[in-house]
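To start, the structure itself, in structure tokens.
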Amino acid sequence: MTPEKKRVVVVTGGSRGIGRAICLALSGPGTLIYFNYFSPNDPGGKRVHAKKTETLIEEAGGSAKSSRVNVASEAEVKAFFENIVAETGRIDVLINNAGITKDKLLMRMNELDWDAVMAVNLKGAFHCIRFAARAMVNQRFGRIINIASIVGVIGNAGQANYVASKAGIIGLTKTAAREFAQRGITVNAVAPGFIETDMTASLPQKVRESMVAQIPLGRTGKPEDVAHMVAFLASDEAAYITGQVIHVSGGMYI
Ligand code: NAP
């Protein structure tokens, strides 16, 4: 199949965790997945995590290309999307998944903590939507799915920056849904609860136990739990859904 006949999917932060599971849930013979990552810790530039995602996508019958792109940088995001459009001529699906935390109580949180999280989690999604939407508007088709969080709706002590960024993602989703609806583009958010990834791995056991106690389904979530919902929202069957926030939290938010 030639690249222009393939469904072109862009996933931010596809190297690990939920982003990797989303890449796998969307991959298949008819799909070309572009994903990015931004780990200064990737040892010696070996791209260990990104390469693993690429291999898994290919094992699932899909095609993948990964790039080191900081979503907080407008210039890098612009170049990333322009290259994709130059290679394929289109962008069908954008998943804004890249995210970070810098948790502290408000009284201890400084401006750097605030700016870093807002730049990746919220401004990053803004950049990606703007550059992906250029292709989607021309095609008069597109699916945008933003990964929010349950805490963007209910708040969480120690995460003022993160919570504000995720509440912002929800507002951005609803506005983009209204602006792009006439162009055949749907925009939705998925709000995960407590999902087992590197992001939550370092939480103290006591905090984990108190979280699980708040989950009616009695367990933490897996990245695949989120990825299945994203895959549905990206599908043809979800054509009449836009501007929504779908919680995937085992009932933690009802
Ligand atoms: P994760 O395992 O820490 O993975 C984060 C991903 O984002 C990695 O691929 C990382 O790339 C990428 N990334 C970080 N900063 C970036 C930047 N500046 N530019 C581009 N990519 C960047 O996190 P996760 O748990 O899978 O979280 C994925 C999303 O789900 C996030 O938006 C998070 O807020 C949201 N979420 C997670 C949970 C949860 O319980 N885990 C709950 C609610 C919402 P590298 O590999 O290069 O670092």
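The values are calculated or read from the model by the stated rules, or taken from the named source; none is laboratory data. Quick caveat, the model's predicted, so the values are computed rather than measured. Neighbour counts are summed over all protein chains in view; Cβ atoms, including those assigned to glycine, are modelled from backbone coordinates with ideal geometry. These accessible areas exclude ligands, DNA and RNA; they are computed on the full protein's heavy atoms, side chains included. Shrake-Rupley method; radii C 1.70, N 1.55, O 1.52, S 1.80 Å.
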remark   = Within region 230-251, the residues that are aliphatic (A, V, I, L, M), open to solvent by less than 50 Å² (accessible area, probe 1.4 Å) and touching a strand residue (DSSP E or B) at 6+ places or on another chain (Cβ under 9 Å) are Val230, Leu233, Ala234, Ala238, Ile241, Val245, Ile246, Val248
Scan of region 108-126 for residues that are over 24 Å from Ala25 (Cα atoms) and open to solvent by less than 20 Å² (accessible area, probe 1.4 Å), ordered by number = Asp113, Val117
task = Take region 89-100 and flag every residue that is surrounded by fewer than 19 Cβ atoms within 10 Å (Cβ to Cβ) and within 16 Å of the ligand (Cβ to nearest atom).
result = Ile100
task = Please name all residue pairs, on different chains or six or more residues apart, with Cβ atoms under 9 Å, provided the first residue is in region 177-205 and is over 18 Å from Ile95 (Cβ atoms) and without any contact (Cβ under 8 Å) to a residue 12 or more places away in the chain and the second residue is more than 15 Å from the ligand (Cβ to nearest atom) and open to solvent by 20 Å² or more (accessible area, probe 1.4 Å).
result = none
Number of positions in region 195-227 that are assigned to a helix (DSSP H, G or I) and either hydrophobic (A, V, I, L, M, F, W, C) or surrounded by 14 or more Cβ atoms within 10 Å (Cβ to Cβ) (or both) = 12
Selection within region 13-41 - near the ligand (Cβ under 6 Å from one of its atoms), crowded, with 24+ Cβ neighbours inside 10 Å, part of a loop (DSSP other than H, G, I, E, B) and over 10 Å from the mean Cα position of the chain (by Cα) = Ser15
Test for Ile144: is it open to solvent by less than 10 Å² (accessible area, probe 1.4 Å) and near the ligand (Cβ under 10 Å from one of its atoms) = no
key: Single condition Leu105 does not satisfy, out of (1) more than 9 Å from the ligand (Cβ to nearest atom); (2) open to solvent by 50 Å² or more (accessible area, probe 1.4 Å); (3) in contact with a Ser or Thr (Cβ under 9 Å, 6 or more places away or on another chain)   = (3)
Extreme residue, most open to solvent (accessible area, probe 1.4 Å), among residues of region 183-194 that are away from the ligand (no atom under 12 Å from the Cβ) and not in a loop (DSSP other than H, G, I, E, B) = Arg183
remark   = (1) over 20 Å from Ala125 (Cα atoms); (2) of a type outside the set (Lys, Arg); (3) within 14 Å of the ligand (Cβ to nearest atom) all hold for Ala75 apart from (1)
